[in-house]
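Some notes on the structure that comes next.
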Number of protein chains: 2
Amino acid sequence: MVEPLSLEQLIAEFSGLPGIGNKTARRLAYHLLSRPKEQSVRFSESLLRAVNRVKPCKECFAFTEEETCFICKMRSDSKTICVVEKSSDILPFEKSSVYQGLYFVLGGVLSPLDGVGPDALHIPLLIQRIKTGDVQEVILALGSSPEAESTALLIDRLLEQTPVKRSRLARGIPMGSDLEFVDEITMLRAFEGRVLF
Amino acid sequence: MVEPLSLEQLIAEFSGLPGIGNKTARRLAYHLLSRPKEQSVRFSESLLRAVNRVKPCKECFAFTEEETCFICKMRSDSKTICVVEKSSDILPFEKSSVYQGLYFVLGGVLSPLDGVGPDALHIPLLIQRIKTGDVQEVILALGSSPEAESTALLIDRLLEQTPVKRSRLARGIPMGSDLEFVDEITMLRAFEGRVLF
């Protein structure tokens, strides 16, 4: 009982976050109790406000405070949908401003061992939207784990009978990376996908 | 405006924590909004509860939910005070169970450049308590930065006229560390303080 109970509980809450070990959790909790009280109250309120306000967009399931997210509203004319696993995957596209179309957040990837089948994700809704809407291209941007790959394959297969163009992101050497440290699979993909000058 | 405002604010709050960069802050905020809502509400409440309940012990300034902390209550007979910089420094002593005495949290170390003089810390209270109480030994456990060293020196000097025994923790090679990677100052201290078999 060296530490007060409420402090112990706060440390436990921090330990439950991804990538936060016990020592970091303790450091953060002590920090929050050491700084001026109003700052930490504001932190707590900020979390509660975000939890209460942020919800999935009814069109694309990206995080939003409205019924329909900013992108779905602004780009409702777009005929391209980029399918991502989670809401935070949208940011890198928007940062590079390479893409001006719509998104669709699947909410995960297939994981039979964890009981995540197609119906646990938003796959049926995605297929329905593509089949009934005016979609011309679907970009499957789902990561490179085996689960993500099989999710992309499933969606590709479900759309086989439609005229919709399906694509996925190129695999290859990331910018700024040293060839010496590139893993085998990435090298294989980069070699297979090599581009003529 | 890709991210909802409340989410952006939550990310900013996380970025303000020590050791949490922008990417980690974003990852944690998205995680808190992706898991079941009641879990994140509980996190927020847990923080607010700790902030509202935890306060400095009126004897030693360690974090506690009571007026007087557990250690001050249980060991009120002890005649030894271990002086630490912050409340979280108490845990390693208690874990090793090497020490069964009282603590005193200074609340920082002297830092003239930041305007932290003796009166901004609890040094006057510490001196008063030692001079008026029944204290036999003061262990200055204040870290090894120049600021911490000069804080320890000041306290040592203020107690010079008293019969109280003053000591500080031994400096040396930490357990399990490879000699090859020991820094010069640690090596100097370990050599100077070498112990006869």
With just the Cα atoms of the protein assembly as shown, tell me how far they stretch along each of the three principal axes, in Å, largest first.
92, 47, 42
For the protein assembly as shown, what proportion of DSSP beta bridges, expressed in % and rounded to the nearest 5, is antiparallel?
20
With 0.36 nm assigned to each residue of separation and the Cα-Cα distance removed, residue A:196 to residue A:119 gains 23.6 nm
If each label sits 7 angstrom from Cα along the C-beta direction, how far apart, in nm, is residue B:5 from its counterparts in the other copies?
3.9
Square roots of five times the C-alpha gyration tensor eigenvalues of segment B:56-196, ordered largest first and given in whole Å, equal 26, 18, 16
Normalise the Cα radius of gyration of segment A:127-175 by 2.2 N^0.38 Å (N = residues in it) and let me know the number.
1.25
How large is the accessible surface of residue A:24 in square angstrom, using a 1.4 angstrom probe and rounding to the nearest 10?
40
Enter the accessible area of residue B:77 (Å², nearest 10), with the probe set to 1.4 Å and all protein chains included.
130
Cα-centred dipole magnitude for chain B, charges only on beta-carbon of K, R (+1) and D, E (-1), debye, nearest 20
480
Let me check against my output: what whole-number percent is the relative contact order of chain B, with C-alpha pairs under 8 Å and at least 6 apart?
13
How would A:74, B:175, B:187 rank on accessible area, largest to smallest, probe 1.4 Å?
B:175, A:74, B:187
May I ask for the distance between the Cα centers of segment B:160-197 and segment B:1-19, given as a whole number of Å?
43
Under 20 Å by backbone N from the virtual spin label 7 Å along Cα-to-Cβ at residue A:154, the residues of segment A:99-128 are A:104-128
Distances in nm from residue A:118 to the matching label points in the other copies, shortest first (labels 7 Å along Cα to Cβ)
7.8
With Cα coordinates, the longest principal axis of chain A makes an angle with the long axis of helix A:123-132, in degrees rounded to 10, of 40
With springs only between Cα atoms under 10 Å apart, run a GNM on chain A and tell me which of A:117, A:133, A:21 wobbles the most.
A:21
Within a Gaussian network of chain B (alpha carbon springs, distance under 10 Å), most fluctuating of B:153, B:48, B:106:
B:48
Provide the buried accessible surface between chains B and A in square angstrom, both chains summed, 1.4 Å probe, rounded to the nearest 100.
4600
Of B:156, A:114, which has the most accessible area with a 1.4 Å probe, and how do the rest follow in descending order?
A:114, B:156
I need the shape label for segment A:5-53. Rule: rounded when a/c is under 1.5, else prolate if a/b > b/c, else oblate, with a, b, c from the alpha carbon gyration tensor.
oblate
Using a 1.4 Å probe and ignoring any ligands, DNA or RNA, find the accessible area of residue A:58 and quote it in Å² to the nearest 10.
120
What do you reckon, how do B:171, B:53 stack up by accessible area (1.4 Å probe), largest on top?
B:53, B:171
Segment A:5-53: relative contact order as a whole-number percent, Cα under 8 Å and 6+ apart:
26
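The values are calculated or read from the model by the stated rules, or taken from the named source; none is laboratory data. If you're wondering where the values come from, they're calculated on a predicted model, not measured in any experiment. In this analysis, Cβ positions are derived from the backbone assuming ideal geometry, glycine residues included, and neighbour counts consider all displayed protein chains. SASA here: full protein model, heavy atoms, side chains in, ligands and nucleic acids out. Shrake-Rupley method; radii C 1.70, N 1.55, O 1.52, S 1.80 Å.
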